[in-house]
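> What follows is a structure written as structure tokens; I'll ask about it next.
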Amino acid sequence: MIEKAIDHFHGSRSALCKAIGMTPQFLSQVCTGKRPLPPRYAVLIEEVTGGEVTAADLLPDVFSPRSTPKLTPGRDTPTTA
């Protein structure tokens, strides 16, 4: 899933690294599985991708998927999916 975050930056690992404050060497180690992705970077990736890649996508054992409220036609209050 980290590849999707890289794709968000048009395939630029360098741009992703700059956006989240990670070194290219560390990103390389994460991509190859030599190092785990720290949760703080998962949260930052979610922020810089505008939620396109979520922390739960990256670390499902750490973060649970968020339920998004759905609006039901004819009702004023959102319901939870």
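Values quoted throughout were computed directly from the atomic coordinates according to the rules given, and no laboratory measurement underlies them. What you are looking at is a predicted structure, and each value in this text was computed from that prediction instead of being measured. All Cβ positions, glycine included, derive from the backbone under ideal geometry; neighbour counts span all protein chains shown.
> Under a point spin-label approximation (7 Å from Cα along Cα-to-Cβ), what is the residue 34-residue 52 distance to one decimal in nm?
Those two pseudo-labels are separated by 2.8 nm.
> Let me ask another. Assuming 0.36 nm per residue, please report the length gained on full extension of the stretch residue 7 to residue 26 beyond their Cα-Cα distance.
5.1 nm
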